[in-house]
Amino acid sequence: MQPIDEVFPNPTVKQVVFQIQFPNLFFIESKIGDLQIKIIDEFPESALIFQRGIVFAVGHEKNIESIQQNIPQEQAAKVWQFSNPPMGYVLHVASNALTIISTSHKTYNNKQSGNRFRDIIVHVLKPFLDLTRLPTINRVGLRYIDECPFKEKTTTSFMEHFNSCLSTTRFSIEDSIEQQYVSFVKRNGHFLRYAEIYNANINPTSVTLDFDGSANNVPSNDCLDVADQLHVLIVEEYKATIKDPVYAYMRGERKDVH
């Protein structure tokens, strides 16, 4: 299946994430300044944040917040953040991971667009690997989160828009408050987690599609090629899920869907 060769005025993608994970690099702090200089044109703003991790607790939110605040700073992990707020993307560098998050990129590598997510990956990945000389990456990941609208809260309308994995024959969209489907599969030597989420309390006429592709133990020189392959896997599942009315919405041809 070929990648989508259109640049849509109303794309459904809301967030795209690229991440590499690697063994703890104890020298990472000494390389951050050099990395910053090499990427500063695309990521002009910077900050040092302390990531205390996720706290699982039972109780009120204020109690959870209190627990998080009481974790000593010296026990938190340093994360160097570089961002470009007007462009809508941010880079996090930790001792064991590099993550790029974008809410603005609507295409991965479409030549018709001047704003391609792959270009940002290249801009960051090459200098990072040059500085760290990592031979192998533990995990390469690419994730897309799409919010896909449909016309009305009926099973008929829903099925007109999606080739869904949700059990609409047993649990109709009319009756549904929330439905979720998750599958984790191996494809072409890589992994893909596919999630389909419907929550009427958030939006009764929208479904969230969450595609998370990954590959393990990747030679650092192959990182970009693997990211390209993961993108193809995600595109295949996206195209297998949406139907013509969603394409019409993305092209701006429909005014009955928001």
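The values are calculated or read from the model by the stated rules, or taken from the named source; none is laboratory data. The model shown is predicted, which means the values in this text are computed figures rather than measured ones. Don't worry about glycine lacking a Cβ; one is built from the backbone with ideal geometry, like all the others, and counts go over all protein chains shown.
Annotation note: of K106, K151, the sole residue that is of a type in the set (K, R), surrounded by 15 or more Cβ atoms within 10 Å (Cβ to Cβ), modelled with pLDDT under 95 and in a loop (DSSP other than H, G, I, E, B) is K106.
Taking segment 177-202 as the range and being loosely packed, with under 15 Cβ neighbours inside 10 Å and outside any strand (DSSP E or B) as the test, the residues that pass are I177, N188, G189, N201, I202. From the list V140, V79, the one residue that fits, being in contact with a Cys (Cβ under 6 Å, 6 or more places away or on another chain) and either closer than 29 Å to Y198 by Cβ or modelled with pLDDT of 95 or more (or both), is V140.
Residue-by-condition table, conditions (1) in contact (Cβ under 8 Å) with a residue 24 or more places away in the chain; (2) charged (D, E, K, R); (3) closer than 30 Å to Q36 by Cβ:
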position: S104; (1), (2), (3): no, no, yes
position: N109; (1), (2), (3): yes, no, yes
position: F117; (1), (2), (3): yes, no, yes
position: I120; (1), (2), (3): yes, no, yes
position: V182; (1), (2), (3): no, no, no
position: V185; (1), (2), (3): no, no, no
position: A200; (1), (2), (3): yes, no, no
position: D210; (1), (2), (3): yes, yes, no
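Checked against (1) surrounded by 20 or more Cβ atoms within 10 Å (Cβ to Cβ); (2) assigned to a helix (DSSP H, G or I), V140 meets all criteria but (2). Within segment 154-171, restricting attention to residues that are free of Cβ contacts under 8 Å to residues at least 12 places away in the same chain and part of a loop (DSSP other than H, G, I, E, B), the residue that is farthest from N10 (Cα to Cα) is R170. Looking across segment 109-121, the residues that are out of contact with any helix residue (DSSP H, G or I) (no Cβ under 8 Å at 6 or more places or on another chain), modelled with pLDDT of 85 or more and among the charged types (D, E, K, R) come down to R116, D119.
Among the candidates E237, E174, E253, the residue that is charged (D, E, K, R) and not in a loop (DSSP other than H, G, I, E, B) is uniquely E237.
Yes or no, residue by residue, for (1) under 17 Å from V182 (Cα atoms); (2) in contact with a helix residue (DSSP H, G or I) (Cβ under 7 Å, 6 or more places away or on another chain):
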site	(1), (2)
Y144	yes, yes
E147	yes, no
T155	no, no
E160	no, yes
N163	yes, yes
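Only residues that are outside any strand (DSSP E or B) and crowded, with 16+ Cβ neighbours inside 10 Å were counted in segment 83-94, giving 2.
If you go through segment 186-219 and keep only what is acidic (D, E) and farther than 19 Å from F150 by Cβ, you end up with just D212.
Residues in segment 173-186: is at least one under 14 Å from V140 (Cα atoms) and under 20 Å from the mean Cα position of the chain (by Cα)? Within segment 173-186, none of the residues are under 14 Å from V140 (Cα atoms) and under 20 Å from the mean Cα position of the chain (by Cα). Any residue at all in segment 109-130 that's surrounded by 15 or more Cβ atoms within 10 Å (Cβ to Cβ) and basic (K, R)? Within segment 109-130, one or more residues are surrounded by 15 or more Cβ atoms within 10 Å (Cβ to Cβ) and basic (K, R). Within segment 26-42, the set of residues being loosely packed, with under 15 Cβ neighbours inside 10 Å and either in contact with a Ser or Thr (Cβ under 7 Å, 6 or more places away or on another chain) or part of a loop (DSSP other than H, G, I, E, B) (or both) comprises F26, F27, I40, D41.
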